[in-house]
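Just so it is clear, none of the values below were taken in a lab; they were calculated from the coordinates. Bear in mind that the values here come from a model prediction, so they are computed numbers and not experimental data. All Cβ positions, glycine included, derive from the backbone under ideal geometry; neighbour counts span all protein chains shown.
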Amino acid sequence: MRQRSLVILTSVLTTGALTLTACGSRDSGSKSDSGSTTLTIGVDAPLSGENSTTGLGIQYGVQIAVDDANKNNWVPGVKFKVKALDDKAQPATGQSNATAFTGDSSVVGAVGPLNSGVALSMQKVFASANMVEISPSNTDPSLTQGKNWATTKTRPYKTYFRTATTDALQGGFAADYAFNGLKKKKAYVVDDKQTYGAGLAGIFNSGFKKLGGTIAGTDHVNTGDTDFSSLVTKIKNSGADLVYYGGQYDESEKITKQLKAAGVKIPLFGGDGMYATTYIQTAGKAAEGDLATSVGVPVDTLPAAKAFVSTYKAKGYKGDYGAYGGYSYDAASAIIKAVKAVKDANDGKLPDSNDLRSKVVDAVQKSDFEGITGKVTFDQYGDTGNKQLTVYQVTNGAWKAVKTGTFTG
Amino acid sequence: MNTLPQQLANGLLLGSMYGLIAIGYTMVYGIVQLINFAHGEIFMTGAFGALTVYAYILPDGTSMVVAVPLMLIGGGIVSVLVAVGAERFAYRPLRQAPRLAPLITAIGLSLALQEVVRNFYPGADKDRSFPSLDGSHDIGSVTITDADIFLVVAAIVCMSGLAWFVRKSRTGRAMQATAQDPDTSQLMGIDTNRIIVIAFAIGGFFAAVAAVSYGLKYGNIGYRMGFLMGLKAFTAAVMGGIGNIYGAMLGGVVLGVAETLASAYINHIPGMQQLGGSGWANVWAFCLLILVLLFRPQGLLGERVADRA
Amino acid sequence: MTETTENPQTAATAPAAQRGLIPLPLATARALLLAGGILTTASTFLRWTWTSDFPGDLTVNGYPGGLQVLTLIAGIITALFAVSTYGVRGLGWLLPARNNAPLVLTALSGFAVTWYTVISIAAELGGIVNWEPGTYIAAVASLLPVIGALAFPQDATDSTKEALKAYIAKADHVPAPQATAPWIQRLAITIVAALGLTVFAYGIDAEDELFIGFLIVVVFTAWALQTAGLFDRFSRLTADNRSFALAMGFVAAIGFPFTQTNDHYANLGVNILIFGTVALGLNIVVGLAGLLDLGYVAFLGVGAYTAALVSGSEFSKFSGVQFPFWAAALTGAAASLVFGVLIGAPTLRLRGDYLAIVTLGFGEIFRIAVNNMDGVSGPDITNGPNGIPSIPDLSFFGFDFGQNHDIAGFTIGRFANYYLLMVLISALVVTIYRRASDSRIGRSWIAIREDETAATAMGINGFRVKLIAFALGATLAGLAGTVSAHVTYSVVPNPYQFAGAAPPNSAFLLAAVVLGGMGTVSGPFLGAALLYLLPEKLVALQDKSLLAFGIALILLMRFRPEGIIPNRRRQLEFHETGQLDVPDTTTLTDEPAITKAGA
C-alpha cells in the first residue's frame, strides 16, 4: 500500500515539476512596444581579470555608439541595446559566448573579441549562423587573409571583419619611420610572444632589415614578467640605438623604465597596443621620447572623436578607451548603419532574424562612412579600408602625433 | 664588453627578492605543513599598503629618506594584517581538514585578494606608478641603483635578524619546537596558535619588505604582481629545502641567478640558439629545480623530510 | 531570522523537555507551515509587479513566470513536507527521521527566494512602489512557514544559537527503509534521474536573477533532503542497483541536448563534460593515489595539440596528415601517456609537496614551450602563440559533426553532436575509473596514499603503482583533449596555464576535484559543473564576479572541506587524520552523480 502511494506521489511531483519548467518558457522574444523593435549588439571581450581594462574599453566604446544611435535615432523605429559577455581571454569561453549570441534571435551582430587567439574559435560559429562579427583589435593577418597571407590571400570567413589594421601595415610603417624618419640604424627587437606582439615584431624586423638597418638582437619575453634586467643588460651591450617592442603596454612600460634606469637612453618604439595614457602615467619620465604607431589620423583632429572621449569620461566608465575604444565605437556604428541600410532597402521594414543577419553581413561589407577613427570601409578580405597610420611620440608627458601617412610598401 | 658581472648582479638582486618572499612560504610550511599559495598576494597587498602611505598620507615632496621607512611600516602593517587575517579566518578552521582543502582556500583567497585590490584600490585596474630610487652607481662594469642597494641591505638585515630571532629568542625556540612536534610542544606549554600566527606575521612582514624593494626598483606595482613572484618564491623555497629559512634565501638567489644567466647565455650554446632568451628562462629555471630535486630530494639545505611528506 | 530574537529565555525545564524556538502549540506550528506553503504557492499566481521590464515578466495573473516559478516550486515542496508531518500515508518517506531540519530548510528556501525576488523588484525598478498586492502577499506568506517550522518542538538547548543549530542539523539516526520491490527501486532511480536532468536543464538555461533564485532553491532544498536522510537512502538504493543507476545516469546525460532548443547550452554542456572528464582523470592521481599534481592541464594540452596536428588543419605542421578520429584520439591519448611517463619516471620518487612543485613546473614548461615552438624562438612544431586554427569538424560514417541533424523531431546542433560524443567518452572514462579503483592496482593506490612506508613493506612496488596512476590520469586527460580541440576549432597555448580566470587550468581542475569530493566519480563532475557555471552565470556581478568566486571557494572549503559529495570513509575519518586522504573503493554516492554531472 505504502509503496504504491509513494510511486504515485513521486510521479505526480515529477510531472508537476516538468510541466512547470515548461511553463517557465513563456514567449520572451523581442517585444515591440509602440512600434519600435529592439535589436541587440553583442560584445565579447575579457571583462574581468587580466585584460579587463582593455576589454571594458571595448564594451563601453560599443555602449556609447549604441547610446548615440538611440539618442539620435540613427535607425528610425529600431532601438539598440548591448549584451556584453566576458570571454576571460579564453578561446572556449569566447566560443560559448559566440553561440550565446547566435542563439539569441534579437542579436544582429557582435563586436569583439580582443584577442586573436579567441577569435580563432569564434569565427566559424558566426560564419555558420551568418552573423557579422567585427573585431576592434585583432591584428593577426591570417584571420582575414588566410594562412598564406603573405603570398596568396584568401578570405576564410565572409562574416568576419575588423576595424583594426593588420600587423603587416603597422610593422612596416614603423620600420619605415624608424629608419627614414628617426635615422636609426641598429634596432633591438623584443616581443611578448603573443599573436599580436610576435606578428608585429616579426614584420618590423624584416621591414627594418629590408630598408638597410641592422638588427642588434631579438628577444621574447613572457606576459606577466616584471623583471627585465637581463634583457636590459643585453640591449645595453648590443649597442642598439632603438628598441622595438611588439606587445601591450603592461610589459613595455616596465621595460622602458628599467631600460632608462640602467642608463640606456634610447627610445622604445611600439604598436597601438601601447598607445595609451596608462603607458605614460606608469612609466613616468622614462617614457619621454618613446614612440608608438596607431591606426587612423590623430583623434584630436576629428570632432566626433573628441565627443567620444568626453562622453566616456563624463559617464565615468571603467576601463581604458585609449587602445580600442574608438575602433569599437566604429565597429558598432558599422553594424547599426548596416541595419539601417537593410531596413531602407526592404521598404522600411526589418526582415526576420535570419534574413536580417545575412543581409547585415552584406551591408557591413559595403560600409562607407566617417567614423571617429577615420573613414570606415572594408576591403575584399574584411580588413579595414582605413590605411591611415600615425606615429606618436611622448613629448612632455603626452602622446604627440609626429607623422601621419599611409603605408604602401 | 663583458656582461657577466652585470648579469650576475641582476640575478643576485632578483634572487634576493625571491628569497625574502620565500621566507614566508618556508616558515609557514615548516610549522603547519601548509603551502600558503596566497602568499604572493600578501606580497602584493604590502606594495599597495606602502603606496597608500606615500601617495595618500605623506605630503607631496617628502624626502625619500623619510618616506621609505614609513612606507615599510605601512606596507608591513597591511601585509601582516592580511597574513594574520588569512590564518585566523581562512586557514585555522581548516587545520584538521584534509590536506587539500587549505590549498583550494588559498587559491580562492588569492583570487579574492587580487580582485579586492583591482576593484577597490583607486587606479589599481592598471599598473600604478610607485616612487622609485633611480640614482645609479657604476662599480666597474656593473651599474646598480639606489633601490638595488636598499634591496640588498634590507635582505641582509632581515635575514640576520630572523636568524638571531629563531635561534636566540624564547619565541624563536618555541617556533623550532613547534616545527618539530606541535603536539609535544603544546604539552610543554607552548601556545602553538600564537607561534603559527607569528610565523604568518613574519612571513607577511618580509613580503612587505620585498614589496617595497620591488616598487622602489621597478617603479610600478599592479594587482597581478604577486602571482608570478609568489610562484617563483615558492619554487625557491622548495629548491632550498622547504622549511629551512636559510634554504629559502639560498634557493631564491640560485633561482634568480639561474634565470638571468639562462636568459642571457643559453642561446650562445651551439645547438640551442633557439632555446635561449627571456621567454625560455622560466623553463630553464624549472628544469634546474627538477635537477636539484632529483639529486637532492630534500632541497639544497633541506633536512630529513621522510616523515613530513 | 529576526523573529528568533523574541525567544523568551525561560529557565530550562526538565532535560528531556521539548519546545520550539518560537513558543507556539504544535498544532499551530503545523498549520502555519502548511498554510504558509500553500499560500506561497498561491501567491505566485498573482501579479508581482506592473511592468514587464523585470526579467521573466511577473505581471501576468494566473500564470507564474520567471522567479515566481521557483517560489512556486519551493512553496509546493514546503507544503509537501508540512503534509508529511501530519502523518499522511504515502508521504512518510519524505521525513524518515521525523526531524525538524528539513522543515526549516524548505521553509527557508521559499522564504529566501521570495524575498530575493521581492527585493530585487524594488531594487531594479526603483522603489517599493513597483510592488503589487501579490508581492506583499507572497512576502508575508513565505514568512509564515519559517515561523511555523521554528516553532516545532525539539530538545531544549542552552542558548538561541544552539537551538538554531539544532534546527538545521542532520538527523542523528535515519531508520533503514522498508524493503521495497526492485521495480519500485528502479522507478525511483528513474524518477530521480529525470528530476536531476530537469533541474540541470533548468539551471543551465537560467540567467542572471533567475540563476541566483535557482541556486537559492537548489541549495536549500538539497540541504533539506540531506538533513532528512534522503540522500543516504538514495545512495543505498543506487548501491543496490548500481548498473541500473549508471545506465539511467547515462540516459539522462544523453537526454540533455533533447531538452534544449538552443545550441548554446549544448556548448556549455560539452565544455562542462570535457572539464569534468579531465577532473575525473585527475581524481585518479589526486584522489586515489594521493599525488598532488599542479600541472595536470598540460596533459589535456598534449592531447589537444596532438589531435590538432593530425587533424588535417592547413595550419598544422603535418597539414597533409588527417587521421580518422579514433586514430587521432588514440594518438592523443598515447602522446599524453608518453609525457606522463616521461614526467613521472624521474619525479615520482619525490614525496608530497616536492612532487607538487615539480608538476607545477612541468605545466609551465609545457605552456611556454608550446608558445615558443613556432620556428622563430624554438623548433617549428606548434605554430607558437597563433596556435593551430581551422581544425575540421569530425565525421563518422557520413555523420558530419559540424551540421545540424534531425533526430526524432529534435534538431541536434553542432555542439550537441560533440556533447553526445563526449558523453560516450565520459562513460568510458567513468568505467575505466571504476574498474581501476576496484582492482588490485586501485587498492594499492589507496594503500600507498594512506601510508607509503607500510604499503611498501607489504610488498607493493610504490614507484610502479604511482607511475601507473600518473600515466593513466595523463592518458584520460589526453583523450578528453582530443575532443576539445575539435570542439573549439583551434588550439592555442594560453588556456593551459596553472591558474587563470576560467576553466580549464590546473588550479580549477584541482578545485573541481576537491570541491566535488575527492575519490568519488560524481564529485569531479559536480565540481566541474559548478566551477564552470558559476563564473559563467554571475555576469550580473560584472567585474566583481571573480571576487565573488574567490570568496565562494573560501566559504565552501570553510564549511564543507570534505567536498560536496564526500567519500563516505573520508567523511568519517577526516577529523582524526590530517593527511591527504581519500577513497574507499565502492562509494555509495557515485551513481546519482552521473545524473547530475552528465545531465
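Determine the sum of side-chain charges near B:ASN193: Lys and Arg each +1, Asp and Glu each -1, restricted to other residues whose C-beta is under 15 angstrom from that of B:ASN193. Net charge in that neighbourhood comes out at +1. Given the rule -39500 (n - 2.57) for each run of at least 4 DSSP H residues, summed and divided by the residues of chain C, what is its mean residue ellipticity at 222 nm, to the nearest 500 deg cm²/dmol? Rounded to the nearest 500, the figure is -20000 deg cm²/dmol.
Please report how far the C-alpha centroid of the stretch B:113-164 lies from that of the stretch B:6-42, rounded to the nearest whole angstrom. When both Cα centres are located, 14 Å separates them.
In terms of distances greater than 20 angstrom between alpha carbons, the cross-link table entries A:LYS81/A:LYS306; A:LYS257/A:LYS285; A:LYS71/A:LYS375 yield A:LYS81/A:LYS306; A:LYS71/A:LYS375. Applying 1/(1 + (r/R0)^6) with r as the Cβ-Cβ distance of C:GLU207 and C:SER319 and R0 = 35 angstrom yields a FRET efficiency of 0.30. Peptide C:190-203 has a mean shielding of 3, counted as Cβ atoms of other protein chains within 10 Å of each residue's Cβ. Taken residue by residue and averaged, Cβ atoms of other chains lying within 10 Å of the Cβ of A:114-121 number 6.
Helix A:325-345 axis versus longest C-alpha principal axis of chain A: approximately 50°, rounded to the nearest ten. Taking A:GLN123, A:GLN95, A:GLN380 as the candidate residues, the one with maximal mean-square fluctuation in a Gaussian network model of chain A, Cα springs under 10 Å, is A:GLN380. Can you check what the net charge comes to around C:ALA228, using other residues whose Cβ is under 12 Å from the Cβ of C:ALA228 (Lys, Arg +1; Asp, Glu -1)? Local net charge: +2. Could you tell me the center-to-center distance, by alpha carbons, between the stretch C:404-473 and the stretch C:54-74 in angstrom? So the two Cα centres are separated by 43 Å. Taking the helices alone, chain A has a mean residue ellipticity at 222 nm of -14000 deg cm²/dmol, built from -39,500 (n - 2.57) per DSSP H run of at least 4 residues and averaged over all its residues. The residues C:VAL491, A:VAL189, B:VAL53, when put in order of fewest to most other Cβ atoms within 10 Å, stand as B:VAL53, A:VAL189, C:VAL491.
Can you tell me the FRET efficiency between B:VAL157 and B:HIS137 if r is taken as the Cβ-Cβ distance and R0 is 25 Å, rounded to the nearest 0.05?
Details: r = 20 Å, r/R0 = 0.80.
Rounded to the nearest 0.05, the efficiency is 0.80.
With neighbours defined as other Cβ atoms within 10 Å of a residue's Cβ, the residues C:TRP445, C:TRP183, C:TRP93, A:TRP74 order from fewest to most as C:TRP183, A:TRP74, C:TRP93, C:TRP445. The distance between label points at C:GLU124 and C:PHE397 comes to 4.7 nm (points 7 Å beyond Cα on the Cα→Cβ vector). For chain A, the longest principal axis of the C-alpha atoms and the axis of helix A:229-238 are separated by about 40°. Taking all Cα pairs closer than 8 Å and separated by 6 or more residues, the relative contact order of the stretch C:241-598 comes to 30 percent.
A crude spin-label estimate for the pair C:ARG98 and C:LEU342, with each label 7 Å from Cα along the Cβ direction, gives 6.6 nm.
To make sure I understand, if each residue's beta carbon is the centre and we count other beta carbons within 10 Å, what order do A:THR102, C:THR71 fall in, fewest to most? Show your work: numbers first, answer last.
Working: A:THR102 26, C:THR71 32.
Placing the least packed residue first, the sequence is A:THR102, C:THR71.
Taking the Cβ of A:ASP86 as the center, what net charge do the other residues with Cβ under 9 Å away carry, scoring Lys and Arg +1 and Asp and Glu -1?
Details: positive: A:LYS88; negative: A:ASP44, A:ASP87, C:GLU536, C:ASP543.
Value of the local net charge: -3.
May I ask for the distance between the Cα centers of the stretch A:354-389 and the stretch A:211-232, given as a whole number of Å? So the two Cα centres are separated by 36 Å. Put a dot 7 Å past the Cα of B:ARG194, heading toward its Cβ, do the same for A:LYS366, and the two dots end up 8.3 nm apart.
The value of relative contact order for chain A, using C-alpha pairs under 8 Å at least six residues apart, is 18 percent. Simple rule: put +1 on each Lys or Arg Cβ and -1 on each Asp or Glu Cβ in the protein assembly as shown, find the dipole, and look at B:ILE266, A:ALA129, A:PRO113; the Cα lying farthest toward the positive end is B:ILE266.
Label chain A by shape, choosing from rounded, prolate and oblate, from the square roots a ≥ b ≥ c of the eigenvalues of the Cα gyration tensor; if a/c is under 1.5 it is rounded, and otherwise prolate applies when a/b is larger than b/c, oblate when it is not. Kindly include the intermediate steps, with their values, before the conclusion.
Details: a/c = 2.25, a/b = 1.73, b/c = 1.30.
It comes out prolate by the Cα gyration axes.
Remark: relative contact order (chain B) = 34 percent; criterion is Cα-Cα distance under 8 angstrom and separation of 6 or more residues.
Treating only the Cβ atoms of Lys and Arg (+1) and Asp and Glu (-1) as charged, compute the dipole magnitude of chain C about its Cα centre; round to the nearest 20 debye. List each step's numbers first, then the result.
Working: 32 positive and 39 negative charges, 292 e Å.
My answer is approximately 1400 debye.
I'd like the orientation of helix A:2-24 relative to chain A: the angle between its Cα long axis and the longest Cα principal axis, in ° from 0 to 90, rounded to 10. Relative to chain A, helix A:2-24 is tipped by roughly 60 degrees.
Across the residues of B:3-9, average count of Cβ atoms on other protein chains within 10 Å? Show your work: numbers first, answer last.
Working: counts 6, 1, 1, 8, 5, 0, 2.
If you average over the peptide's residues, the count of other-chain Cβ atoms is 3.
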